[in-house]
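Since the structure comes first, as structure tokens, the remarks are kept for the end.
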Amino acid sequence: MIRRPPRSTLSSSSAASDVYKRQRHVAPPAQAILPTYVALDRMVLRFFGYFKEAVHESRLENFRVRKVTLLYYLEDNTIQVNEPEQRNSGIMQGGKLAFLRRHAIPKGGGEFFSVADFSLGSDVTFYGRTFRVVDCDEFTATFLQQNGFEIGTPEEYPYNPFDVHYTATKEREKMTRGASSVKTDELIHWTEAMLGRPTNLIQEDKLSQFLEYDRKVLRWFARDEELNPKLYGMVLHYTIHYYLSDDTIEVVEKRAPNSGRDPWSRLLARQKLPIDYTKPGRREFYSAADFKIGDCINVYGRRLLLCDCDEFTTAFMEFNFGLKKTDPIRIEMNDGVDPPKSQLPHYSGFGSEEDSLGSFYHLVPKKPKENWAKFLQNDKKNLRFLAMLETGHPEDGNRLFIVTYELSNDAINVYEPPQRNSGNMGGKWMERTHVKNPATGENYRPHELYVGATMEFRKHKFKLLEADEFTLRYMERNKYPNSDLTLIISKLKDKFRQQSGMIRKTFKAIDKDNSAGLDAKEFRAVLERFNFDLTDQEVISVMRTFDPDADGTVRYDEFVDAVIGPDYYHTPAN
């Protein structure tokens, strides 16, 4: 039974040195030791070498030198041998094909190959085949030096008879035929094609062109030259896409609405476009140099006049071919008649208006789209107000309602709390729905609801009296027009500064109890003295700001300092 090699705890630089010191019975430092699969993960030593293979029945060579790459994985002491791909070798090489797959290689006596068995100029034998190590990469050399291993001296690859013969053959071919090859010489091209060689090996190498011009497209605007607009009453417009990555062309028709033409997406699918499609044999295809404003291209019998191009195409043509953009050819657009506009039908009141319009815009009604981002952001956030009816009927004067505005979908519902001996049952007065503002014709928005506002629901007018704490904080935080203290104070500054001398006298006259503070009623009386009209919501915002202890009183010295500023001199009130 073959034993698995012990897992070492090698790592790069200092960590690897500490591990080998421990293996040499040196006391380890007092620090945490990482597992092998973590410390040495993705760390591989790479050696370069070769082996000689005997060649029989050949007068040109007796042996052949085959180069290999030896990979030593430090995390589990496994080895893999790869052979680089060599053109026309006839051997399965390179890519994902490994000469010797990754595994721990035994060397006899129950032991396995380790790092100590590799050095430059040494031989290693795997399963009867001997490999000569001649060089290594920079990381491998650094690793071996830091861990105290002998690196050795780099060597050159030995003489290979096949390389000499191959080089001489190519030189003779170049002298007789010049620099021609299967991709440039017409005779070689035809011969190889007749012998059945794959086309992708005969044509020019497109890889460099693809890497340089991928996703770069020239765009030209054209029209049908042979279509007479006076005769046929129309002009067909096209967009020509020239793909620089593979020299293919695509022609797309620009369809006008209500033109009556079949909705074909492309006049020409993406392909190489021949200059003369009737010519037999090997054809010539359009290239980027064949496009110029004012010229025509033949798309299988249909001549398209190039009228204009975009900015990228202009810069590309000028840089590569020295062609500067000329004045674009004017494309005469069709003088179409504007289609009649349909009038929206009157809302019947059943269901939501958005749902009813689905049967108007579509033959098969579709469900209205919902704003899920707004719903997730404002879910379960409602603005609630206490309201009363504005009516001339005395029996409805004492009825109170709760108006709820849902921020997630802009819907409004009205609920009447039951009151004993009122003669009204109470309950849900209006189902949740969207309500239009009669003044604007649009649905009510959150900033249109504030204390003191009058709203109309189902031909009934409601006046908003109060708002809950969440509603007041939400409107102040989002700076609604009637809750933005900065905007309110800016309104008051101009008025108060013009009459700064009367402010103290006015406050003292209103403050009957000499408490140096005003309640909401007294504060509104001061504003009326100065002919300044604030809404109930604005008064509430001022009271909430200058009444931090929520006792219902505003100290007018703090209020005047905030409104007029530090240039206003005052003495403490008595």
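Of all residues in segment 56-77, how many are part of a loop (DSSP other than H, G, I, E, B) and either in contact (Cβ under 8 Å) with a residue 24 or more places away in the chain or open to solvent by less than 20 Å² (accessible area, probe 1.4 Å) (or both)?
Restricting attention to segment 56-77, the residues satisfying the condition of being part of a loop (DSSP other than H, G, I, E, B) are 56-62, 74-77.
Okay, now just the ones that are also either in contact (Cβ under 8 Å) with a residue 24 or more places away in the chain or open to solvent by less than 20 Å² (accessible area, probe 1.4 Å) (or both), so 60-62, 74-77.
So the count comes out to 7.
Among the residues of segment 412-444, those that are under 16 Å from Ile402 (Cβ atoms) and aliphatic (A, V, I, L, M) comprise Ile412, Val414, Met425, Met430, Val435. Reported count of residues in segment 405-421, each being assigned to a strand (DSSP E or B) and open to solvent by 40 Å² or more (accessible area, probe 1.4 Å), is 1.
Annotation note: Cβ proximity below 6 Å between a residue of segment 521-536 that is farther than 19 Å from Thr553 by Cβ and a residue that is part of a helix (DSSP H, G or I) and open to solvent by 10 Å² or more (accessible area, probe 1.4 Å) (sequence gap 6+ or interchain) occurs for Phe530/Lys495; Phe532/Lys495. Residues of segment 269-314 that are under 16 Å from Phe221 (Cα atoms), without any contact (Cβ under 8 Å) to a residue 12 or more places away in the chain and not β-branched (Val, Ile, Thr): Asp295, Glu311. Consider segment 365-390 and keep the residues that are open to solvent by 60 Å² or more (accessible area, probe 1.4 Å) and in contact with a Gly (Cβ under 9 Å, 6 or more places away or on another chain). The one that is nearest to Tyr450 (Cα to Cα) is Lys367. Within segment 85-112, being surrounded by fewer than 12 Cβ atoms within 10 Å (Cβ to Cβ) and of a type in the set (Lys, Arg) holds for Arg87, Lys96, Arg101.
Give segment 124-152 a look and list any residue that's open to solvent by 70 Å² or more (accessible area, probe 1.4 Å) and over 14 Å from Phe48 (Cβ atoms), or say none.
Taking segment 124-152 as the starting set, the residues that turn out to be open to solvent by 70 Å² or more (accessible area, probe 1.4 Å) are 127-129, 138-139, 145-146, 150.
Residues satisfying the conditions are Tyr127, Gly128, Arg129, Gln145, Gln146, Glu150.
Among the listed residues Thr130, Thr140, which satisfies the condition of being of a type in the set (Ser, Thr, Tyr), assigned to a helix (DSSP H, G or I), in contact with a Phe, Trp or Tyr (Cβ under 9 Å, 6 or more places away or on another chain) and touching a residue at least 12 places away in the same chain (Cβ under 8 Å)?
Values: Thr130 fails: assigned to a helix (DSSP H, G or I).
After ruling out the rest, the residue left standing is Thr140.
Those strands (runs of 3 or more DSSP E) of segment 215-313 in which 2 or more residues are open to solvent by less than 50 Å² (accessible area, probe 1.4 Å) occupy 217-224, 237-243, 248-254, 296-299, 302-309. Of the residues Leu492, Leu465, Leu449, the single one that is surrounded by 13 or more Cβ atoms within 10 Å (Cβ to Cβ), in contact (Cβ under 8 Å) with a residue 12 or more places away in the chain, more than 41 Å from the chain's Cα centre (by Cα) and closer than 18 Å to Met388 by Cβ is Leu465. I'd like to check something: does segment 327-341 contain any residue that is modelled with pLDDT under 85, out of contact with any Cys (no Cβ under 8 Å at 6 or more places or on another chain), among the acidic types (Asp, Glu) and part of a helix (DSSP H, G or I)? No, every residue in segment 327-341 fails to be modelled with pLDDT under 85, out of contact with any Cys (no Cβ under 8 Å at 6 or more places or on another chain), among the acidic types (Asp, Glu) and part of a helix (DSSP H, G or I).
The values are calculated or read from the model by the stated rules, or taken from the named source; none is laboratory data. Note that this is a predicted model, so its numbers are computed, not measured. Methodologically, a virtual Cβ is constructed for each residue, glycine included, from the backbone with ideal geometry; neighbour enumeration extends over all protein chains shown. Just so you know, the surface numbers come from the protein's heavy atoms only, side chains and all, with ligands and any DNA or RNA stripped out. Shrake-Rupley method; radii C 1.70, N 1.55, O 1.52, S 1.80 Å.
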